[in-house]
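Let me begin by presenting the structure, written as structure tokens, before commenting on it.
Derivation of every value follows stated rules applied to the coordinates shown; laboratory data play no part. Everything numeric in this text was worked out from a predicted model, so none of it was measured. Cβ sites come from the backbone with ideal geometry, for glycine too, and all protein chains shown count toward neighbours.
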Amino acid sequence: MSLFAFVVSGKPGSFEVAEVDLSECESVDDVADLLDDFDRPVRLLGVEQDDEYAVLARSSDDGLRVFLSNGHAADDYELAQLFADGLEEVGGDPLDGDEDAPAGAHDSAPFGDPELLADLGMPSGELIELAQHEGTLPSDLLDTVCQRLGCAEELDGLRG
């Protein structure tokens, strides 16, 4: 099982990226506490696991804002389930209304708050499109976010 988690922190034009360990996070409150340890104006968690899903979680004065790229992942991954609890579907599921969809097919639509990066130059529609685009891996979504924020090289350095 491959899990990669990182925090982007700073302010527009001067973001830093640090790898983080989520093994002690048992709730979204624990994730919010982890992000609050980064005393910077912008604190954004990125998670990818087994090329199945990506999570973006941003700490703000209003609490933790979360975007999960693939709701289906919450059925198979404990960490995805932790983030999915209480989130609403956004963008629509490509299998909705598909009579040829496999029996018991789960909702693969993104869930959560697609606007969490709008003030940083990534509109909600673009984030949803990235999550739903066939052939786009969760790591591609996170790479695109980091490119937009100007910290893609730092992320690449962490991945090695």
Could you please state, rounded to a whole Å, how far the C-alpha centre of region 112-160 is from the C-alpha centre of region 71-88?
-> 19 Å
Sum up the charges of everything whose Cβ sits under 12 Å from the Cβ of Gly112, counting Lys and Arg as +1 and Asp and Glu as -1, but leave Gly112 out.
-> -3
Environment charge of Met122, counting only residues whose C-beta is closer than 11 Å and scoring Lys/Arg +1, Asp/Glu -1 | -3
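So what is the 222 nm mean residue ellipticity for the chain from helices alone, if each DSSP H run of at least 4 adds -39500 (n - 2.57) and you divide by all residues, rounding to the nearest 500 deg cm²/dmol?
Helix contribution divided over all residues of the chain: -8500 deg cm²/dmol.
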Residue order, fewest to most surrounding Cβ atoms within 10 angstrom, among Asp39, Asp50, Asp107 = Asp39, Asp50, Asp107
Once Cα Rg over 2.2 N^0.38 Å is worked out from the coordinates, which option in (1) 1.17; (2) 1.00; (3) 1.24 does it equal?
-> (2)
Considering the dipole of the chain built from charges on the beta carbon (Lys and Arg +1, Asp and Glu -1) around the Cα centre, which of Gly91, Ala118, Gly135 is farthest to its positive end?
-> Ala118
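Compute the longest continuous run of the chain that contains no exposed GluC sites (Glu not before Pro); treat a site as exposed when its DSSP state is not H, G, I, E or B and it has at most 10 other Cβ atoms within 10 Å.
25-87
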